[in-house]
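Chemist: I have a structure I would like to understand better, so I am pasting it below and will then ask my questions one at a time.
The values are calculated or read from the model by the stated rules, or taken from the named source; none is laboratory data. Everything quoted here is computed from the prediction, not taken from an experiment. Cβ placement follows ideal geometry from the backbone for every residue including glycine, while neighbour counts extend to all protein chains displayed. The accessibility values were calculated without ligands, DNA or RNA, using every heavy atom of the protein model including side chains. Shrake-Rupley method; radii C 1.70, N 1.55, O 1.52, S 1.80 Å.
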Amino acid sequence: LAFRLCVSLGSIALPDSVHTIGEGAFMRCDSLTSFTIPASLKDFNQSIIESCGALASLEVSAQNTNYKSIDGVLFSADGKTLLLYLSTRPGTSYAVPAGTEIIYARAFSQNKFLTSVTIPASVKLIDSGAFQSCTSLSSVTLEDGKEPLVIGDYAFNDTALTGVVIPARVRSVNLYAFASCRALATV
């Protein structure tokens, strides 16, 4: 919570020697517009930049061997885990890149702009709350394939989904996965 509620903090330049950043370190820094993950950071927790309402850019130092940014979306270095799609990221549609296997817990949570998302056949896990409170999300395409898929607890909770097709590869739809989807008419 080192810089929590520093509402006038507009930019921060962390040295590449930083190995850890505590949970909630920049939480509610309402003027922070960009954040770069330094080269030595090994563990990134979403709460570090939680509720930063002006955050428009999330980058990763080119020397970081744990993470990478693909068009401002945070992934593990191998590209298999999508870790964070900023809640402030504009744009109405997004196609998760092929080869992604895990959509991390709360990865898209609280994005108000996203209306449609396509999830490729390579994804094996849509983790807990991955799309929770994406209140404009009205369409999700779950591509069918050979890989089994688990839809985690609260994965699409409180979204605007109107219909969803659950492909045969889905092995589990966990607790409250589609709870509070008031517009959901067909499954």
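Chemist: Mind checking whether some residue in the range 114-132 is under 12 Å from F178 (Cα atoms), open to solvent by less than 10 Å² (accessible area, probe 1.4 Å) and among the hydrophobic types (A, V, I, L, M, F, W, C)?
Modeler: So far as the range 114-132 goes, yes, one or more of its residues are under 12 Å from F178 (Cα atoms), open to solvent by less than 10 Å² (accessible area, probe 1.4 Å) and among the hydrophobic types (A, V, I, L, M, F, W, C).
Chemist: I'd like to verify a number: residues in the range 67-78 that are in contact with a strand residue (DSSP E or B) (Cβ under 7 Å, 6 or more places away or on another chain) and modelled with pLDDT of 95 or more, how many?
Modeler: So the answer is 8.
Chemist: What single numbered condition from (1) open to solvent by less than 20 Å² (accessible area, probe 1.4 Å); (2) more than 18 Å from the chain's Cα centre (by Cα); (3) not small (G, A, S) fails to hold for V187?
Modeler: (1)
Chemist: Which residues, taken from the range 145-163, are farther than 17 Å from L125 by Cβ and either open to solvent by less than 10 Å² (accessible area, probe 1.4 Å) or within 20 Å of the chain's Cα centre (by Cα) (or both)?
Modeler: Selection gives D158, T159, A160, L161.
Chemist: Go through A98, A130 for me and flag whichever is in a loop (DSSP other than H, G, I, E, B) and touching a strand residue (DSSP E or B) at 6+ places or on another chain (Cβ under 8 Å).
Modeler: Exactly one residue qualifies, and that residue is A130.
Chemist: Scan the range 31-49 for residues that are open to solvent by 60 Å² or more (accessible area, probe 1.4 Å) and assigned to a loop (DSSP other than H, G, I, E, B) and jot them down.
Modeler: Within the range 31-49, T33, K42, D43 qualify.
Chemist: Looking at the range 50-80 only, could you name the residues that are β-branched (V, I, T) and open to solvent by 30 Å² or more (accessible area, probe 1.4 Å)?
Modeler: Those that are β-branched (V, I, T) and open to solvent by 30 Å² or more (accessible area, probe 1.4 Å): T65, I70.
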